[in-house]
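Visitor: Here it is: the structure, laid out below.
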Amino acid sequence: MKFAKRLIALVAALVFIPISPIYAAENRIIDVVAITWPGAAAPVVTVNDVKSAIESEVTTRWNFLAQNWPGGINFQVGNVVTTPINMAVPLICDGPDSGAYMRDARRAFYTKYPIANYSSRYLILLTPAPRPNCIWEGRALIGDAKTPGGLIALRNNASPFVITHELGHTLGIGHTNLIRCPNNGADGDWSRCNAVEYGGAVDVMSNVDVKGPLSTYHQWRIGILKDADVSQIWKSQTVDLKYTNAASGTRAIFVRVGRSTYWIEYRKGEDGYTPGLAIYRTDPPPPSSIVSPNSSDAVEDPTQGVASDVWLMNLDSYRYNSNATVVGSPTLPIGRTFLDASGTVSISANIKDADTVSVSITRKSDTAAPPTPSLLNP
């Protein structure tokens, strides 16, 4: 963990506390162009529809989602080109060839309409009417929030929600998914639980249009939360945890139990759920556990240390339906206790003030002796 240092100057017996610097919003430019190919159907949505969606809603939503980024991230529309870019072959929907296709289209666009430093701009490719083998509405190449620039394909739509979601991917964050275990269990080993792709509808990184703040895990991935804002717990301890979108203080708790890792945050009632703790698994599932309408989603590497996705735990009455609608609340209600599948860690919270809960984490002592090794004469 890295801890920020604060300079306090003492002059003539007076204490001067430095004023936080004022950051200007970071403007990031989005260009928009349509693509087509021989035999493609006529488009229904236009590039100007995409432009309107960005200006009317997407920019405002990201101003809110990234409000704790120094100065914020402000997406602005740049060049909007109505003449489509002609591609030699139809859109490739999935796999590595899909990314290569999108890069080819970007290269063709900026070759025809040269812009200096185009790699630092975001480009939205609006594709014609749907192809039968494409199930997604939007697709983006995973980027990095610290390095401006990104590439998105929209499949014949100008949905502000889809654009907001895909811009999240260009900033380096994955999906908010759901862990679903047998007998309505909240937790369990990936060998018997399912990882339901897109099913964790608590922020815009699922496939349900949710207006609340980003999960603190995604905020940490972007860099809005610093390491010092995350409390790592390795023993029984009580932590004061701030609301998900608070401007400062501890806003997330990380707990490891064996191979399982848990990320904890506090969601208030204004997010649309029962006030309480949202708890995610962050240890990635094996491909055999992933449930998704898109076969290419089942490629998560189970050996990686940190995933870009999270898996929301259902700790109350939450239900994610096959038609991407949700009912109930997934948060652990105030005063109720969660016990992990191994029975090692219990977690509960009580209200401390309007923006803070006191989270109690209790670890069961490991008193079992290790097995006696079998020794052989070498």
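The values are calculated or read from the model by the stated rules, or taken from the named source; none is laboratory data. Note that the structure is predicted; figures quoted are calculated from it, not measured. Cβ placement follows ideal geometry from the backbone for every residue including glycine, while neighbour counts extend to all protein chains displayed. Ligands, DNA and RNA are stripped out before the accessible areas are found, and what is left, the full protein with its side chains, is counted by its heavy atoms. Shrake-Rupley method; radii C 1.70, N 1.55, O 1.52, S 1.80 Å.
Visitor: According to a simple spin-label model (label point 7 Å from Cα along Cα-to-Cβ), what is the distance in nm between A129 and N117?
Guide: It works out to 4.2 nm between the two label points.
Visitor: Compute the longest continuous run of the chain that contains no exposed chymotrypsin sites (Phe, Trp or Tyr not before Pro); treat a site as exposed when its DSSP state is not H, G, I, E or B and it has at most 15 other Cβ atoms within 10 Å. Can you show the working numbers first?
Guide: Values: sites that count: F3, Y23, W234.
Segment 24-233 is the longest.
Visitor: About the Cα centre, and with charges only on the beta carbon of Lys, Arg (+1) and Asp, Glu (-1), how big is the dipole of the chain? Nearest 20 debye, please.
Guide: 580
Visitor: As I understand it, the dipole of the chain uses +1 on the Cβ of Lys and Arg and -1 on the Cβ of Asp and Glu, about the Cα centre. Which of T83, L178, H218 lies farthest toward its positive end?
Guide: H218
Visitor: Residue by residue through region 89-99, which ³J(HN,Hα) values in whole Hz follow from phi under the Karplus form 6.51 cos²θ - 1.76 cosθ + 1.60 (θ = phi - 60°), with glycine and proline marked x?
Guide: 10, x, 3, 9, 7, 9, x, x, 5, 5, x
Visitor: Here's a follow-up. Taking the chain as a Gaussian network, where each spring joins two C-alpha atoms under 10 Å apart, which residue of G276, G185, G343 fluctuates the most?
Guide: Of the options given, G343 has the highest mean-square fluctuation.
Visitor: For the chain, what is the accessible area per residue in Å² when the probe is 1.4 Å?
Guide: 48
Visitor: May I ask you to derive the relative contact order of region 130-206, considering only C-alpha pairs under 8 Å and at least 6 residues apart, and to give it as an integer percent?
Guide: The value is 26 percent.
Visitor: Also, quick follow-up: Tell me whether region 238-378 comes out rounded, prolate or oblate; compute the Cα gyration tensor, take square roots of the eigenvalues as a ≥ b ≥ c, and use a/c under 1.5 as the rounded threshold.
Guide: On the way: a/c = 2.22, a/b = 1.27, b/c = 1.74.
Since a/c reaches 1.5 but b/c is at least a/b, the shape of region 238-378 is classed as oblate.
Visitor: Using the Karplus equation 6.51 cos²θ - 1.76 cosθ + 1.60 (θ = phi - 60°), what ³J(HN,Hα) coupling, rounded to whole Hz, does each residue of region 357-371 give in order, writing x for Gly and Pro?
Guide: 10, 9, 9, 9, 10, 10, 9, 6, 5, 8, 10, 6, 6, x, x
Visitor: Another question, then. Once you've got the GNM for the chain with C-alpha springs shorter than 10 Å, pick whichever of A307, A368, A66 has the biggest mean-square fluctuation.
Guide: Maximum fluctuation in the GNM of the chain, among the listed residues, is at A368.
Visitor: While we're looking at this one, here's another question. Which residue fluctuates the most in the chain, going by a Gaussian network model with Cα springs under 10 Å, if the choices are D340, D97, D240?
Guide: D97
Visitor: Give the long-range amide H neighbours of F75: residues separated by 5 or more places, or on another chain, with amide H under 5 Å away, using H modelled in the peptide plane at 1.01 Å from N.
Guide: Amide H neighbours of F75, under 5 Å, 5+ apart: R28.
Visitor: Give the residue list of trypsin sites (Lys or Arg not before Pro) in region 94-187 that are DSSP loop and have at most 10 other beta-carbon atoms within 10 angstrom.
Guide: For trypsin sites (Lys or Arg not before Pro) across region 94-187 that sit outside H, G, I, E and B with at most 10 neighbouring Cβ atoms in 10 Å, the list reads K146.
Visitor: Given a Förster radius of 41 Å and the C-beta distance between N27 and S342 as r, what FRET efficiency does 1/(1 + (r/R0)^6) yield to the nearest 0.05?
Guide: The value I calculate is 0.30.
Visitor: Nearest 20 debye, what's the magnitude of the dipole of region 232-378 about its Cα centre given +1 on Lys and Arg Cβ and -1 on Asp and Glu Cβ?
Guide: Result for region 232-378 is approximately 420 debye, rounded to the nearest 20.
Visitor: Of (i) 21.9, 75; (ii) 23.2, 80; (iii) 33.0, 106, which is the value of Rg and Dmax of the Cα atoms in Å derived from the coordinates here?
Guide: (ii)
Visitor: Could you give the length gained on full extension between S365 and D240, defined as 0.36 nm per residue of separation minus the Cα-Cα distance, in nm?
Guide: So the extension gain works out to 42.7 nm.
Visitor: Now for a different question. What list of ³J(HN,Hα) couplings, whole Hz, do you get for region 156-168 from phi and the Karplus terms 6.51, -1.76, 1.60, once you set θ to phi - 60° and write x for glycine and proline?
Guide: 6, 8, 10, 5, x, 4, 4, 5, 4, 4, 5, 4, x
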